[in-house]
Amino acid sequence: MRISAVIPTRNAAAEIGSLLTAIAKQTLKPSEIVVVDSESSDETVSLANAHPLARVISIQRGDFNHGGTRDMAFREAVGDVVLFFLQDVVIRDETYIETLVQATLLDGVACAYGRQVA
């Protein structure tokens, strides 16, 4: 089973490195990380490009749409399971991806949602 992680970004240089590192430390690693960047003016794209699993798709800032951009990324992803992350998420558990994927393998489950703490 292939897993894709999708991260829409814009000026995420302060967070993207730690997020990519946390994803790389997961017990179940994705086959790819699709970073959809909306014309960042910081080092977001270069930081993402430095990660071996990341593939950056650049879009115009005005073309970003919460649903439409995620749909485009979903269609670009190669995974049988596609996980969506926010650029500032902090993953606190190395089994996070494994837990989400296991939940989607249950009969009748089409999607799973991870707990968010503000």
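The values are calculated or read from the model by the stated rules, or taken from the named source; none is laboratory data. On a predicted model such as this, the values are computed, not experimentally measured, just so you know. Methodologically, a virtual Cβ is constructed for each residue, glycine included, from the backbone with ideal geometry; neighbour enumeration extends over all protein chains shown. Ligands, DNA and RNA are excluded from the accessible area calculation, which covers all protein heavy atoms including side chains. Shrake-Rupley method; radii C 1.70, N 1.55, O 1.52, S 1.80 Å.
Under a model in which nothing but the beta-carbon of Lys, Arg (+1) and Asp, Glu (-1) is charged, the chain shows a dipole of about 100 debye around its Cα centre. The value of relative contact order for the range 11-63, using C-alpha pairs under 8 Å at least six residues apart, is 41 percent.
Heavy atoms of the protein chains alone define the surface here; on that basis the range 24-106 has 59 Å² accessible area per residue at 1.4 Å probe size.
How many percent of the accessible area of the range 1-102 is carbon or sulfur, using a 1.4 Å probe?
Working: 2720 of 5420 Å².
Carbon and sulfur atoms account for 50 percent of the accessible area of the range 1-102.
For the chain, the ratio of Cα radius of gyration to the globular rule of thumb 2.2 N^0.38 Å stands at 1.02.
Considering all alpha-carbon pairs of the range 23-84, what whole percent are spaced by more than 17 angstrom? Write out the running numbers ahead of the final one.
Working: 821 of 1891 pairs.
Roughly 43 percent, once rounded to a whole number.
Only DSSP H runs of four or more residues enter the estimate; each adds -39500 (n - 2.57), and after division by the residues of the chain the mean residue ellipticity at 222 nm equals -9500 deg cm²/dmol.
Taken about its Cα centre, the range 49-102 carries a charge dipole of about 220 debye when Lys and Arg each add +1 at the Cβ and Asp and Glu each add -1 at the Cβ.
Other residues within the sphere of radius under 13 Å centred on the Cβ of Arg92, judged by their own Cβ, net out at 0 (K and R +1, D and E -1).
Averaging 1/r over each pair of different alpha-carbon atoms in the range 1-55 and inverting the result gives 11.2 Å, the Kirkwood hydrodynamic radius. Placing unit charges on each Cβ (+1 for Lys and Arg, -1 for Asp and Glu) gives the chain a dipole about its Cα centre, and among Gly17, Val89, Ala110 the Cα reaching farthest toward its positive end belongs to Ala110.
Could you pull out the trypsin sites (Lys or Arg not before Pro) across the range 65-118 that fall in loop regions by DSSP (anything but H, G, I, E, B) with no more than 16 other Cβ atoms inside 10 Å? Walk me through the intermediate numbers first.
Values: sites: Arg70, Arg75, Arg92, Arg115; in loops: Arg92, Arg115.
Taking the range 65-118 and a limit of 16 other Cβ atoms within 10 Å, the loop trypsin sites (Lys or Arg not before Pro) found are Arg92, Arg115.
May I ask you to derive the relative contact order of the range 15-118, considering only C-alpha pairs under 8 Å and at least 6 residues apart, and to give it as an integer percent?
Working: 99 pairs, mean separation 33.9, N = 104.
Value for the range 15-118: 33 percent.
Taking the range 72-96 and a reference point 7 angstrom along Cα→Cβ of Val117, the backbone N atoms nearer than 17 Å belong to 88-96.
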